[in-house]
Structure formats: C-alpha cells, structure tokens
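J.: I'd like to ask some things about the structure below.
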Amino acid sequence: MDFDGTLVNSRKSYCDTYAQLYANCENYEHPNWRETQEWNLELTCPLAKEDLFCHDLFFWGLEFMNGAKSKIESLSTQFDIIICSIGYYDNISKKSQWIKHKLPVIKKSIFINHGNNHLDKSIINMQNSIMVDDVSKNLHSSNADIKICFGDEFVWNRDWEGIRCYNWSELYKELMKYNR
C-alpha cells in the first residue's frame, strides 16, 4: 500500500504547509491542491526554498484520504498490509513515526530512500501480493500479482489501463474480492 496520495492527502498538506510558511512573502499566491497537476508541486508552490515534504508542519497537518483510516483498520484484520513509500531520509523517518502514531494497526513498512536514486518500487518483491499506488510507474514496474491504481487521473497515472479505484470505498470493495 502506497502512502502519499493513496493513504494520505500529501498534496493538501504540502499546500497548507506552503501557505503557513510563505503567505507573507512577496509574489505569494495561495495554492489550490485540487488543481495541481505536478507531483512535486514546484509550479503550484514556487516560493518554496526547501522540501516541504520533510517539514514538521507537513506531518502535523497530514490527513488521511477520506475513509482511508477506517477502511485500513478493517482491512488489517483480513490482510497483511505493508506500507511501501519512497522519500528522502528525513521524509521517510517522519513517515515512519506518523504511521506508528496515527495507524498502529500497520506493523510493517518498507521505505525506499530517494537519495539512492531509486525512483520506483521495482526493487521490492511483491510477488503474491496486491499493490495499491497512485503512480502508474510504480505499478508498471512492480511484480505484484494484482495492481490497483488509486485516485483520480493525473499526469503521473493517466496512462494506467488496469484496475483503478477512485476512492477508499471503491478500493475496499475491490480488495475484498481477494479476501483469502
């Protein structure tokens, strides 16, 4: 299970953090996370001088995607859920703590250090697994038996032609088809 854009609304938290830090700066324009079409938010939040995905404010304001927490808690009684995410060291260490405190039903996580130039999740053996991610590159490169793209269509997943679930209700129903 992916973290950013699947389990949590990282784009919203990034834009909220940006607004808190840069609202008083010259040339500031309030970002709209719903309209952004770039994953790294460089164009949406152009004044950012640091990686806001690593900022404490980002994690303090980070929210679950609508319905994700209750569905994950329910699914965790029937599936071995593993969070798999890519990030820089500061980001992934804070993700780990966030998961530990906000979602204690998750007992396993795999974090890939982006600093080592691993830009997809292909290095993780997901054979005999179901992969849920919002980034089609991760789905295409995975050896998971079942691959599900989560969320709306964006530049980073528009090419996905397999199973797509637009929200957590749809995802829950889809995953229950594979309940062992």
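J.: Looking for whichever is in a loop (DSSP other than H, G, I, E, B) and at pLDDT 95 or above here; the options are Val132, Val105. Which one fits?
T.: Val105
J.: Follow-up question, since we're still on this one. Restricting to the stretch 20-79, count the residues that are within 20 Å of the chain's Cα centre (by Cα), more than 25 Å from Asn113 (Cα to Cα) and among the acidic types (Asp, Glu).
T.: Qualifying residue count, the stretch 20-79: 2.
J.: Still on this model: Does Asp145 count as at pLDDT 95 or above and in contact with an Asp or Glu (Cβ under 6 Å, 6 or more places away or on another chain)?
T.: no
J.: Given the structure, is Ser85 of a type in the set (S, T, N, Q), touching a residue at least 60 places away in the same chain (Cβ under 8 Å) and either surrounded by 14 or more Cβ atoms within 10 Å (Cβ to Cβ) or outside the structural domain of Ser169 (by TED's automatic domain parsing) (or both)?
T.: Criteria met by Ser85.
J.: Taking the stretch 89-128 as the search range and keeping residues that are hydrophobic (A, V, I, L, M, F, W, C) and in contact with a helix residue (DSSP H, G or I) (Cβ under 7 Å, 6 or more places away or on another chain), which one is farthest from Tyr14 (Cα to Cα)?
T.: Here the answer is Val105.
J.: List the residue pairs whose Cβ atoms are under 7 Å apart, where the first residue sits in the stretch 33-62 and is in contact (Cβ under 8 Å) with a residue 24 or more places away in the chain and closer than 15 Å to Asn91 by Cα, the second is among the aromatic types (Phe, Trp, Tyr) and outside any loop (DSSP other than H, G, I, E, B), and the two are 6 or more positions apart or on different chains.
T.: Cβ pairs passing all conditions: Leu52/Tyr14; Leu52/Tyr18; Leu52/Phe58; Phe53/Tyr14; Phe58/Tyr14; Phe59/Trp98; Leu62/Trp98.
J.: Quick check on my filter: what residues within the stretch 52-81 are farther than 25 Å from Ser169 by Cα and surrounded by 19 or more Cβ atoms within 10 Å (Cβ to Cβ)?
T.: Leu52, Phe53, His55, Phe58
The values are calculated or read from the model by the stated rules, or taken from the named source; none is laboratory data. Every value quoted in this text rests on a predicted model; they were computed, and no experiment measured them. Neighbour counts are summed over all protein chains in view; Cβ atoms, including those assigned to glycine, are modelled from backbone coordinates with ideal geometry.
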